[in-house]
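Presented below is the structure to which this report refers.
What follows is calculated from the coordinates using simple rules that are stated; it is not laboratory data. Values in this document were obtained by computation on a predicted structure and should not be read as measured data. Cβ coordinates were reconstructed from backbone atoms using ideal geometry, including for glycine residues, and neighbour counts include every protein chain displayed.
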Amino acid sequence: MNFKQMQKVLSVICAMGMMMSTAQTTVLAAQASSTETTQSDSVQSSSSSSQESSSSSEESSSSSEESSSSSEESSSSSEESSSSNEESSSSSEVNNFVNEIMLSDGLASYTPDLFKTKGWNVTVGSMNVTTDGSSLSFETADGNESNNPAYALAVDSNSPALKNGEIVANLTYNFAGRAGIVFRYQDKNNYAAVVQDLGTWQVKKVVNGKETTETYPVEGVSPQQGVTMKITFSGENLQVSLNDKTVYNKAFLADLPEAGQLGIRTWGYAGNYAKLKVSSLSYNQIPDLEQDEHGNYMVTFTDEMKRGGWSQQTNDANTNGLTFTDGEGENGYAILAAGPDGAGDGKTIFADTRSPRIANGFIEADITNMGEGRVGLFFRYNSVDDTAGLLYDVGGTWKITKGSGGEQAIAGLEALQKGTPYHIRIEYVGDSVTVKLTNKTTGNVTEAKQRVEGITQKEGQLGARVWDMAAVTVWAN
C-alpha cells in the first residue's frame with residue numbers, strides 16, 4: 001500500500017481489514033565495573049553543569065548562579081565511588097556490560113541490572129541512585145532545587161544508543177513524583193523524556209538546549225500505586241501507553257532524529273516530591289522503517305521485521321483480529337478480521353502506529369475482500385473517533401467517514417466481489433477525496449471524486465476497520 005503526502009514525499013505500505021499483500025504500498029507525507037552494589041547500596045552524584053538556557057514551566061529555579069562541580073560524593077562502598085562531571089556520559093560511550101545486551105535478528109535488546117547502580121552517570125544536577133536488591137530508586141538530592149536548572153538527569157552509560165525503540169517499565173512514584181524516563185539522550189542539551197509532574201503527564205524534548213513540553217490528559221492512573229509505562233519512539237513519532245492504554249501518539253520528535261541512550265530525570269525538592277522507583281525496565285530496538293527508492297514509507301510484510309506498526313486498537317473480544325503471512329511479493333500479506341457476531345462492539349479498528357502523520361496524500365494497496373463487505377481503510381487516523389477513511393458496506397455501498405462528523409456516500413465504484421483481488425488508490429487533499437479501484441481479475445477500472453463537507457483535515461496515520469464478521473487481506477502494493 002502506498003501513502004503519499006503532497007508536500008514531502010514518503011510512502012507507506014500498509015494492511016487493512018481485508019487482505020493486503022506485498023505488492024508495493026507507499027505513503028507520502030515519513031546502540032562498569034565488576035563490583036556489584038549490595039542491598040541499599042547508594043550512589044550520589046552531582047554534575048558541574050553551568051547555567052542552561054532551557055527551563056520548564058514546572059521546574060522553578062531559586063538561583064541563577066552556576067552550580068558548582070561536586071566536591072563531595074558519598075558512596076556506601078569503598079570499592080564504588082561515582083563522580084559525574086558535566087557530560088560524563090555520551091551516546092557513543094563503550095558499553096562495559098555487553099553481556100546484558102542481546103541481539104535478536106540484529107536488533108539490540110537491553111535490560112538494566114536493577115542490582116547495580118554502577119553505570120548510572122549524573123550529567124545534570126544532583127541525584128541519589130540506590131538499589132534495594134530488586135529495584136532501583138532515583139531521587140533528587142537535597143539542595144538540588146537551588147541549582148539552575150533545578151532538575152537532575154542520570155544516564156545509563158551501559159545502554160545502547162537507539163534511534164527507534166520501545167521502553168517498557170514498571171514505575172512507582174512517591175507522592176508528587178516529578179520524574180520520568182529519558183530516551184534518545186545524546187548530551188544534556190539534546191534528549192526526549194516522558195514524565196509525570198504533580199499528577200500531570202507530559203512529554204518533553206530538549207533540542208540544542210531549548211526545552212519543549214506538551215501535556216496530555218490521563219484518567220484512571222495512580223502513579224503512587226504503580227504504573228506500567230510503554231514508550232515507543234520511531235522516526236518522528238512518539239507513542240505513550242499507561243497500563244496498556246494509549247494516552248499520547250503524535251509526531252513529536254521531528255527535530256530530535258538521532259540515536260541516543262536511556263536515562264532518568266527528576267526535579268524539585270528531595271523526598272516525596274522527586275523520587276521514582278523502577279522495579280522492571282526493558283529497552284529494545286525496533287526495526288527501521290521501510291522506504292522505497294523515492295524515500296516513501298512502505299510496509300512489505302516480507303517478515304516480522306517488515307510489518308510497520310500495524311496493531312489492533314479496539315475490540316478486546318476479538319483476540320485474533322490481525323494475522324500475518326510472511327513472504328516475498330504477493331506471498332506476504334496481512335489479514336484483518338472482525339470478531340464473531342456480538343463480540344465486543346461489533347467492529348475492530350487497526351492502525352499503523354509507525355506510519356507518517358500527514359494531512360494530504362495518497363494510499364495504495366492490493367486488497368481482497370474475504371467476506372461480504374464491511375471493511376474500510378483509514379487516513380488521517382488519530383483515534384477511533386478522530387479519523388477519515390473510505391468504507392465499503394454490503395450491497396456495493398461506498399462511503400467516506402469524516403471523523404466525528406458522520407459519513408457521506410461516494411458513488412461510481414465497483415462493488416467488491418468476495419475473494420477477488422483489487423488494487424485501490426485513495427488520494428486526499430483538503431476536503432477532496434479521489435478513489436481509483438481496479439479489479440485485478442477483469443481489469444475493470446472505476447473512479448470517483450468527491451468533496452466531503454466536514455471531513456477532518458488534521459494530520460494522521462494509516463488505519464483500517466472491519467466489522468460484523470468481515471475480513472480483508474491486504475498486500476503491500
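Looking only at the stretch 199-255, residues that are more than 26 Å from Asn174 (Cβ to Cβ) and either over 14 Å from the mean Cα position of the chain (by Cα) or basic (Lys, Arg) (or both) come to 7 in all. Evaluated against (1) surrounded by fewer than 20 Cβ atoms within 10 Å (Cβ to Cβ); (2) part of a strand (DSSP E or B), Ile424 falls short on exactly one condition, (1). Look at (1) more than 19 Å from Ser279 (Cα to Cα); (2) surrounded by fewer than 19 Cβ atoms within 10 Å (Cβ to Cβ); (3) hydroxyl-bearing (Ser, Thr, Tyr) and you find that Ser234 fails only one, number (2). When the residues of the stretch 427-453 are filtered to those that are assigned to a strand (DSSP E or B) and hydrophobic (A, V, I, L, M, F, W, C), the one that is surrounded by the fewest Cβ atoms within 10 Å (Cβ to Cβ) is Val445. Among residues of the stretch 112-131 that are among the basic types (Lys, Arg), those with a Cβ under 7 angstrom from a residue that is assigned to a loop (DSSP other than H, G, I, E, B), sequence gap 6+ or separate chain, pair up as Lys116/Glu36; Lys116/Thr37; Lys118/Ala32; Lys118/Ser33; Lys118/Thr35; Lys118/Thr37.
Every residue, every condition in (1) farther than 23 Å from Ser282 by Cβ; (2) surrounded by 23 or more Cβ atoms within 10 Å (Cβ to Cβ), yes or no:
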| residue | (1), (2) |
| --- | --- |
| Lys205 | no, no |
| Glu211 | yes, no |
| Glu219 | yes, no |
| Gly226 | no, no |
| Leu238 | no, yes |
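Residues considered: Gly389, Gly403, Gly373, Gly412. Of these, the only one that is assigned to a loop (DSSP other than H, G, I, E, B), of a type outside the set (D, E, K, R), touching a strand residue (DSSP E or B) at 6+ places or on another chain (Cβ under 6 Å) and closer than 26 Å to Ser241 by Cβ is Gly403.
Screening the candidates Val240, Val247, Val218, Val203 for the property of being among the aliphatic types (A, V, I, L, M) and assigned to a loop (DSSP other than H, G, I, E, B) yields one hit, Val218. Would you say Ala152 is of a type outside the set (Ser, Thr, Tyr), more than 22 Å from the chain's Cα centre (by Cα) and part of a strand (DSSP E or B)? So Ala152 fits the description; yes.
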